Amino acid sequence: ELKSYGDQELTALLAIGCGWMMLKDTPDYWTGPFFAASRNFNNAIQRKPNDSRAYLYRAALFEEHVAMLSKTQTTKIVESDETIPTVNLWTETKEVVEPTGQDAITRNAICAALRELDAIWARYTDNMTNPQQKFDGKVRRLNCLRRNIGYVSKKDNATRLKLRQQVIALAQELIKLNENNGDGYFALGQALMEKGDFAAALKAFETAKNKD
């Protein structure tokens, strides 16, 4: 049926996807329309990978999914012990509370949604030719990875370390893309602070402050 739209096939896929998104108030949204919307946006990306619209719609879809899942949790999961210092990091130790039962299942679903968001923005940056779009896409990727760190089990040090390394690498890529933009240095500072390298983090923050 889509072939009948000819040159408007991409527009049709986007419109259909948005139509499914509008059904978010229906009881079966997360088991039916949500996946239909995602499928249509993904098909639109495959049809024209350098068109930004489908990426933005699909990312918004998964951001809503993360928000919905977060609201169902009964166990409070602090996204990052380092970025939300509710205790004195120098003198106190924060007890780690691991979710169990349905909360554990929900956390895994959130991690999966954040990984999908990361994949969306990775593909976005690969296919966009505009330098600012590439920069913005990497910033969004970096934020997805940082959020995922907070949801990964505190006992899974290997995965958390891998994600931190990816965050630092992305921040360095931002600086290479535009060394005059302070956002890259600020992102690097945050990543280094979370790693525990406070001296290097301070240097990155100072550099960010002196940029445009």
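The values are calculated or read from the model by the stated rules, or taken from the named source; none is laboratory data. Small disclaimer: the values here were computed from a predicted structure and weren't measured. Because the Cβ atoms are built from the backbone with ideal geometry, glycine has one as well, and the counts that use them run over all protein chains shown. These accessible areas exclude ligands, DNA and RNA; they are computed on the full protein's heavy atoms, side chains included. Shrake-Rupley method; radii C 1.70, N 1.55, O 1.52, S 1.80 Å.
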Condition met for residue 125 (of a type in the set (S, T, N, Q) and within 16 Å of residue 58 (Cα to Cα)): yes
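For (1) closer than 26 Å to residue 115 by Cα; (2) open to solvent by 50 Å² or more (accessible area, probe 1.4 Å); (3) modelled with pLDDT under 90, each residue gets a yes or a no:
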| position | (1), (2), (3) |
| --- | --- |
| 159 | yes, yes, yes |
| 188 | yes, no, no |
| 194 | yes, no, yes |
| 203 | no, yes, no |
Pairs with Cβ under 6 Å, 6+ apart, first in the stretch 198-212 and part of a helix (DSSP H, G or I), second among the hydroxyl-bearing types (Ser, Thr, Tyr): 204/185; 207/185; 208/185
Selected residue [at pLDDT 90 or above, within 18 Å of the chain's Cα centre (by Cα) and among the basic types (Lys, Arg)] from 146, 141, 107, 164: 141
Residue check for residue 9: open to solvent by 20 Å² or more (accessible area, probe 1.4 Å), at pLDDT below 95 and under 30 Å from residue 201 (Cα atoms): no
Test: residue in the stretch 131-150 that is of a type in the set (Asp, Glu), part of a helix (DSSP H, G or I) and open to solvent by less than 20 Å² (accessible area, probe 1.4 Å): no
Residue in the stretch 149-156 that is modelled with pLDDT of 90 or more and among the small types (Gly, Ala, Ser) present: no
